[in-house]
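Beneath this line is the structure, given in C-alpha cells, with notes to follow.
Every read-out reported here was derived from the displayed coordinates using simple, explicitly stated rules and does not represent laboratory data. A quick note: this is a predicted structure, and the numbers were derived from the prediction, not measured. A quick note on method: Cβ atoms are made from the backbone with ideal geometry, for glycine too, and the neighbour counts reach across all protein chains shown.
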Amino acid sequence: MLQLSWAGLRDRWTSFAGAVLTVCLGVALVQSSLLLLLASATADAPAGSGPVAQVRFEEARVVAVTVLAVTLALAAFLAVFVIASTFAFTVDQRRRDLALLRLVGAGRRQVVRLLLGEALLLGVLGSLAGSALGTGVVRVQTWLMVRVGLLPAGAGARWHAWVLPACVGVGTALALAGVFLAARRAARVRPLEALDAEEEPARVMTRGRWTTGVLLGAGAVVLLALSPLGGPAGGRAMAVCVSLLAALALAVLAPVAVPALAGALVPRGGVLGDLARANLRDEVRRSASTAAPLIVLVGLLLGQSGAAWSYTEAAVAQLRSTTAADLVVESTADADGALAQRLSAVPGVGSASSEVELPAALTTGSGETAFTGIRRVLVVDPGAYERAHPTSGSLQALRGAAVAAGPGALESSTGDRVGVRVGQVDLGPLPVVAAVPQAVGGGPALLLPAGLLPAELLQGSAVRTFVQLQGGSDRRQVAAALTAAGGRGARVSDVQDWLARSAQQAGSSDTSILVVVMGLGASYALIGVVNAGVVATAARRREFATARASGLTRRQVVGSAVLETWAVSGAGLLLGALAAAGTLAAVLIATASATGTASIDLPWPLVAAVVTGAFAVTGATSAWTAWSATRTAPVQLLRARE
Amino acid sequence: MPTNALAPTTAAVSLRAVSKTYGSGPTAVRAVDQVDLDLATGTWTAVMGPSGSGKSTLLNCAAGLERVDSGRVLLGGTDITDADDETLTRLRRTRVGFIFQSFNLVASLSAAQNVELPLRLAGKRPPRADVREALRAVGLAERADHRPRQLSGGQQQRVAIARALITRPQVLFADEPTGALDSSAARGVLDLLRAAADGGQSVVMVTHDPAAAARADATVLVRDGRVEDRVVGADAVTVAARLAAMGA
C-alpha cells in the first residue's frame with residue numbers, strides 16, 4: 001500500500017506539493033507563535049528596573065502574551081481549516097483513479113488506507129519542512145512584534161527540543177484528520193466511475209455538511225441576538241465571535257452559496273461569460289474550494305478590524321460626551337506632588353482634575369479564590385474628578401483608605417474589598433466605596449484618592465489634567481500660564497484636539513496588533529486560495545483542449561478561466577463581508593445599548609487592500625495555470641487518454 | 001423464492017430475466033430488457049449491437065459492476081444479484097477480469113506493477129517470475145519497467161490483458177478492447193483473447209467490429225436492450241450482414 005501511495009505522490013506532485021505547502025506553512029506559523037509565546041511568558045524584567053517599571057514590564061508582557069495567544073489560536077484555526085480543505089480537495093480530484101483501483105479488486109478499506117498513507121507521508125514531509133521554516137518565520141514575527149512595540153527590542157525565542165516532535169505530530173494529525181472524512185467518502189466510489197469518459201461529480205452537500213453549516217449559522221444568529229445583553233466587555237466578545245461562526249457556516253455551505261452568487265456576478269451576453277457560468281454550475285466543488293479560504297479570511301479580517309475600529313470610535317464618542325473640560329494639560333508628576341495645586345492656582349482656571357494612570361497588582365476575593373492581576377488604577381482628586389466627568393456620580397465617600405470602581409472595572413463593585421499593590425507599596429485590602437459607570441472602551445479598574453500613594457512613587461509618571469476655565473477668562477493666556485506651571489515638557493491642548501489625538505493613537509495601536517495577529521494568517525489563507533486554484537486548473541487540461549477544439553482561441557480559454565475565478569473570488573469576498581456584517585450589526589446593537597448612540601467605523605484602506613489583493617492573486621494564479629495548461633496543442637491532449 | 005426456480009447451471013455466466021432502467025419518468029431509458037442468456041464455460045462470446053442498444057450495460061450487469069433492477073445474475077453458478085460490496089470486491093480479485101477500450105492502467109505505476117496490482121490488493125506478493133511470465137505471454141517482457149505513457153496503445157492494452165489474466169479469472173469481460181487500436185495491434189489483442197478462451201477461460205466481449213466478433217465462438221446481437229439474434233461460428237461478412245439486417 002505504501003508503495004502505491006508513494007507512486008501516487010510522485011505522479012500527482014503538483015496537487016500534493018500544494019498540500020505539503022499548506023502543512024508546511026501552517027506548522028511554521030503555529031510553531032513560531034508557540035515559541036514566541038513561551039519566550040514572552042517566561043521573560044524577566046531587565047535587571048535594575050524600579051518597582052513601577054517592573055509592574056509596567058509585567059503589564060506589557062500580559063499584552064504581548066495575549067496577542068501571541070490570539071495569533072497562535074488563529075494560526076491553529078487557519079491551519080486546521082486550510083489543511084483539511086486542501087486534502088479533501090485533492091482526494092476529490094482523484095475519484096477516477098480510485099474507481100480504477102476498486103475495479104481491479106481494491107476493497108473500500110484499502111482505498112481509505114491508501115489515502116491515509118498518502119496523508120501520513122505528506123503530513124510528515126510538510127511538518128518537517130514547516131518546523132525548519134518556522135525558525136525563519138519566528139524572526140519575521142519577532143521583528144513585527146518589536147516594530148509595533150509589543151515586545152522589547154532584543155527579544156527572541158529560544159528553541160525547545162520537544163517542539164519538533166510536537167509540531168510533526170500535530171501537522172501529521174491535521175493532515176490525517178483532513179483526509180479522513182474525504183477518504184471515507186471516496187471509498188464509496190463505484191468501480192464503474194473509472195469507465196465514464198466524463199467524471200461524474202461527487203455529491204458535495206452531504207447531510208452532515210448541511211447540519212454543520214446550519215448549526216454554525218444558528219450559533220452566529222444567537223450570539224448576535226444576545227450581544228446587547230453582555231455589557232460593554234461581554235457584548236464585544238460576543239460581537240467578535242459572530243463573524244467567526246458566520247464565516248465558518250458560509251464556508252461549510254460554500255458549495256451551495258458560491259456557485260449561485262458567482263453565477264450572478266458574471267456578465268451576461270458574451271460567449272465567455274456563458275461558458276464561465278456553465279462551468280460554475282458544473283464544478284461546484286472547485287468553486288467552493290477556492291472561495292472558502294477567502295470567506296474565512298475576509299470574515300475574520302473585516303469582522304475583527306471593524307469591531308476594533310467601531311469600539312474605538314464608540315469609546316471616543318463616549319469620552320467626548322462625558323468629559324466637561326476646555327483644556328487638557330499633559331505633564332510629568334514631580335517629587336513634591338504639588339502639580340495639581342499649581343495648576344489649580346493658575347488665574348482663570350475654574351477647576352482642574354489631575355489624573356495619574358498607573359499599573360497595579362489588584363487582588364480580588366480572598367483565601368482559595370483570591371486572584372491577582374495586573375490592571376490600571378487612576379489616582380484622582382475625587383471632587384475635581386466629579387466636575388471633569390459629570391456623569392461619574394457622587395464620589396463623596398472616596399477619601400482616606402478607600403477606592404472606587406473605575407470605568408474599566410470588571411470584577412469589583414461597591415461593597416467589595418480589593419488588595420492594591422503599586423510597585424513595592426502594598427496598600428492592603430481596601431473597601432470599594434463608590435463606582436463610576438463602566439465605559440465602552442474600558443479604562444482604569446479602580447480610582448484611588450490622591451494622597452493614598454506616596455508622591456515619590458508617582459514621580460515621573462504621566463499626568464493628565466482636565467481644566468475648566470472660569471467664565472470670561474482668555475483661553476490663550478490661561479493656556480500659556482498652564483504651560484509654565486506644568487513644569488518641564490508640559491503640553492496644553494484644546495480638549496477637542498486632545499480627544500482626536502487619543503482616538504488616533506488608540507486606532508493605530510489597534511492596527512498594529514491586528515497586523516501582527518492577522519498579517520501572517522492572512523498570507524497563509526491567501527496561499528490556500530492560490531493552492532486551490534493551482535490544483536483546480538491543473539486538472540482542466542482536457543476541458544481546455546475541448547474548448548479550443550470547439551473554436552476558442554487560447555486567449556479566450558484563459559480569459560474564460562480568469563472570469564470564472566474572479567466571479568468565485570467576488571462571491572467569496574461578498575460572503576466574507578456578509579459574515580463580517582454579522583459582527584458589525586452586533587457592534588451597532590452593543591454600542592447603542594452601552595452608549596446610547598450606535599457607532600460603526602471600518603478600516604477602508606484595509607478593505608481596499610484585501611479586495612484588490614484577492615482579485616490580483618486569484619486572477620494571476622488562474623491566468624498563469626490556464627496558460628500553462630493550454631501549452632500543449634489541443635489535438636494531442638484529446639488523443640492521449642492516459 | 002424465485003432463486004429456487006433456477007435450474008443448476010454449468011454456464012460461466014447466466015442471466016435470468018435481467019432488466020435495468022436508467023432514470024425515471026418520461027426520460028427513463030430501459031437499457032436491458034428481460035434478457036435471458038447463458039454463456040458456456042471456455043467459450044468466447046461477442047456482444048454486438050447499434051450504439052445505445054444496451055450492450056455495455058449488459059456486460060456491466062453480468063460482471064457485477066452494475067446492480068440489476070430485476071432478474072438474477074449467476075457467475076460460475078454463484079448468484080451475485082444481491083452480493084454486498086465485500087463479496088463483489090473479492091469476486092473482482094479472484095474470479096473476473098476486465099479489459100476496457102481506454103486501457104485504464106494506473107498511470108503512476110510501471111507495467112509490471114500494474115500487472116501485479118490485483119494480487120497485491122488481494123494481499124499476495126506474486127513472485128517476480130510470475131509477473132515477468134505474464135508480461136512475456138503478452139509479448140512485453142522487455143517493457144516491464146515502462147510507465148503506461150511510455151507505451152503505445154496496443155502495448156498498454158496488452159498490459160491490461162496481462163493484469164486481467166494474472167489472477168486466472170473464470171471470466172474475462174472486455175468492453176471494446178480493440179476500439180482504440182489500429183488493425184495490427186487489434187489483431188495482437190484478439191490473439192491473446194483467443195488463447196485465453198482456448199485455455200478454458202470464458203471471454204465476454206462487447207465490440208462494434210464484425211471482424212473482431214468473427215474471432216469469437218459466438219456472437220449475440222442486441223437491440224433496444226433485448227437479445228435479437230445469436231450467430232455461431234460465422235465469419236466477419238455474415239456477422240456484418242446480420243447486424244445490417246437488424247438495422248444497425
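Treating only the Cβ of Lys, Arg, Asp and Glu as charged (+1, +1, -1, -1), what charge dipole size does the protein assembly as shown show about its Cα centre? Round to the nearest 20 debye.
On the way: 79 positive and 63 negative charges, 459 e Å.
Rounded to the nearest 20 debye, it is 2200 debye.
Return the average number of partner chain Cβ atoms within 10 angstrom of each residue Cβ along peptide A:544-556.
Neighbouring Cβ atoms belonging to other protein chains average 0 per residue here.
I'd like the Karplus ³J(HN,Hα) series for segment A:152-159: coefficients 6.51, -1.76, 1.60, θ = phi - 60°, whole numbers in Hz, and an x wherever there's a Gly or Pro.
Karplus values, whole Hz, x for Gly and Pro: x, 4, x, 5, x, 9, 9, 6.
Quick one: which residues, 5 or more positions from B:Phe100 or on another chain, have an amide H under 5 Å from its amide H? H modelled 1.01 Å from N in the peptide plane, none for Pro or chain starts.
Counting only residues 5 or more places away or on other chains, the set is B:Asp175.
At a Förster radius of 41 Å, what calculated FRET efficiency corresponds to the Cβ-Cβ distance of A:Ala153 and A:Thr391, to the nearest 0.05? If you can, show how the numbers build up before the last one.
On the way: r = 41 Å, r/R0 = 1.00.
Given R0 = 41 Å and the Cβ-Cβ separation, E is 0.50.
Treat every Asp and Glu Cβ in segment A:1-202 as -1 and every Lys and Arg Cβ as +1, leave all other atoms uncharged, and give the resulting dipole magnitude about the Cα centre to the nearest 20 debye.
340 debye
Using every Cα-Cα pair within segment A:1-202, state what percent have a distance larger than 32 Å.
33 percent
Which residues in segment A:547-584 place their backbone N less than 18 Å from a point set 7 Å from the Cα of A:Leu602 along the Cα-to-Cβ direction?
Within reach of a label on A:Leu602: A:569-584.
So what does log10 I(q)/I(0) come out to for the protein assembly as shown at q = 0.05, 0.06, 0.11 Å⁻¹, using the Debye formula with one equal point on every Cα and no solvent?
-0.44, -0.58, -1.27
For a quick protection proxy, order the peptides A:268-278, A:236-246, B:90-100 by their average other-Cβ count within 10 Å, most packed first.
A:236-246, B:90-100, A:268-278
Using alpha carbons only, what's the Rg to Rh ratio of segment A:129-195 with Rh from Kirkwood?
Here Rg/Rh amounts to 1.31.
Can you pull the mean other chain C-beta count within 10 Å for peptide A:186-194?
Averaged over the peptide's residues, the number is 3.
What nm distance separates the two modelled labels at A:Ala43 and A:Arg139, each placed 7 Å from Cα along Cα→Cβ?
1.9 nm
Helix A:604-629: angle to the longest alpha-carbon principal axis of chain A, degrees 0 to 90, nearest 10?
20 degrees
Scan segment B:27-80 for trypsin sites (Lys or Arg not before Pro) in coil per DSSP, keeping those whose Cβ has at most 16 other Cβ atoms within 10 Å, and list them by number.
Filter output for segment B:27-80: B:Arg67.
Rounded to the nearest 5, what is the percent of antiparallel bridges among the DSSP beta bridges in the protein assembly as shown?
Antiparallel bridges: around 70 percent, rounded to the nearest 5.
Roughly what angle does helix A:495-538 make with the longest principal axis of chain A, taking Cα atoms, 0 to 90 degrees, to the nearest 10?
Helix A:495-538 sits at roughly 10 degrees to that axis.
Calculate for chain A the 222 nm mean residue ellipticity that helices alone would give, adding -39,500 (n - 2.57) per DSSP H run of length 4 or more and normalising by residue count, nearest 500 deg cm²/dmol.
Taken over chain A, the calculation gives -22500 deg cm²/dmol.
What's the angle, to the nearest 10 degrees (0 to 90), between helix B:111-121's Cα axis and the longest principal axis of chain B?
60 degrees
Among bridges DSSP assigns within segment B:173-246, what percent are antiparallel (round to 5)?
If I count the DSSP bridges inside segment B:173-246, around 65 percent turn out antiparallel.
Per-residue HN-Hα couplings for segment B:222-239, Karplus 6.51 cos²θ - 1.76 cosθ + 1.60 at θ = phi - 60°, whole Hz, x for Gly and Pro?
With coefficients 6.51, -1.76 and 1.60, one gets 10, 9, 6, x, 10, 7, 9, 7, 9, 10, 10, x, 8, 8, 4, 5, 4, 4 Hz.
Putting +1 on Lys and Arg Cβ atoms and -1 on Asp and Glu Cβ atoms, find which of A:Asn531, A:Gly521, A:Thr483 reaches farthest to the positive end of the dipole of segment A:475-541.
So the residue we want is A:Asn531.
According to a simple spin-label model (label point 7 Å from Cα along Cα-to-Cβ), what is the distance in nm between B:Asp182 and B:Arg230?
3.9 nm
Once amide H atoms are built 1.01 Å from N in the peptide plane, which residues 5 or more positions from A:Ser351, or in another chain, come under 5 Å H to H?
It is A:Gln468, by chain and number.
Projected onto the charge dipole of chain B (+1 at Lys/Arg Cβ, -1 at Asp/Glu Cβ, origin at the Cα centre), which of B:Thr238, B:Asn114, B:Ser70 gives the Cα projection farthest towards the positive end?
B:Asn114
Which peptide among A:301-310, A:148-157, A:103-112, A:162-171 comes first, and what is the full order, when sorted by highest mean count of other Cβ atoms within 10 Å?
The densest-packed peptide leads the list: A:301-310, A:103-112, A:162-171, A:148-157.
Whole-Å semi-axes of chain B's equivalent ellipsoid, largest first, each the root of 5 times a Cα gyration tensor eigenvalue?
The answer is 29, 22, 16 Å, longest axis first.
List the residues, sorted by chain then number, that are 5 or more residues from B:Arg223 or on another chain and whose placed amide H is less than 5 Å from its amide H.
B:Glu228
Taking θ = phi - 60°, what integer Hz values does the Karplus form 6.51 cos²θ - 1.76 cosθ + 1.60 yield along segment B:21-34, in sequence order, with x for Gly and Pro?
10, 9, x, 8, x, x, 8, 5, 10, 8, 7, 10, 10, 6
Normalised radius of gyration for segment A:440-595, please: alpha carbon Rg relative to 2.2 N^0.38 Å, two decimal places. Provide the component values of the computation, followed by the final result.
Details: Rg = 29.4 Å, N = 156, 2.2 N^0.38 = 15.0 Å.
Compactness ratio reported: 1.96.
I need the peptides A:80-89, B:103-112, A:327-336 ranked by packing, meaning the mean over residues of other C-beta atoms within 10 angstrom, with the highest value on top. Numbers along the way, then the final one.
Working: A:80-89: 24.4, B:103-112: 21.9, A:327-336: 18.7.
By packing density, highest mean first, the sequence is A:80-89, B:103-112, A:327-336.
Explain nothing, just the number: dipole magnitude of segment A:185-320 about its Cα centre with +1 on each Lys and Arg Cβ and -1 on each Asp and Glu Cβ, in debye rounded to the nearest 20.
360 debye
I'd like the FRET efficiency for B:Ala141 and B:Thr94, computed as 1/(1 + (r/R0)^6) with the beta carbon distance as r and R0 of 30 Å, rounded to 0.05.
0.70
Rounded to the nearest 0.05, what FRET efficiency do B:Arg67 and A:Arg207 give with R0 = 22 Å and r taken as the Cβ-Cβ distance? Could you check? List each step's numbers first, then the result.
Working: r = 23 Å, r/R0 = 1.03.
Efficiency, from the Cβ-Cβ distance: 0.45.
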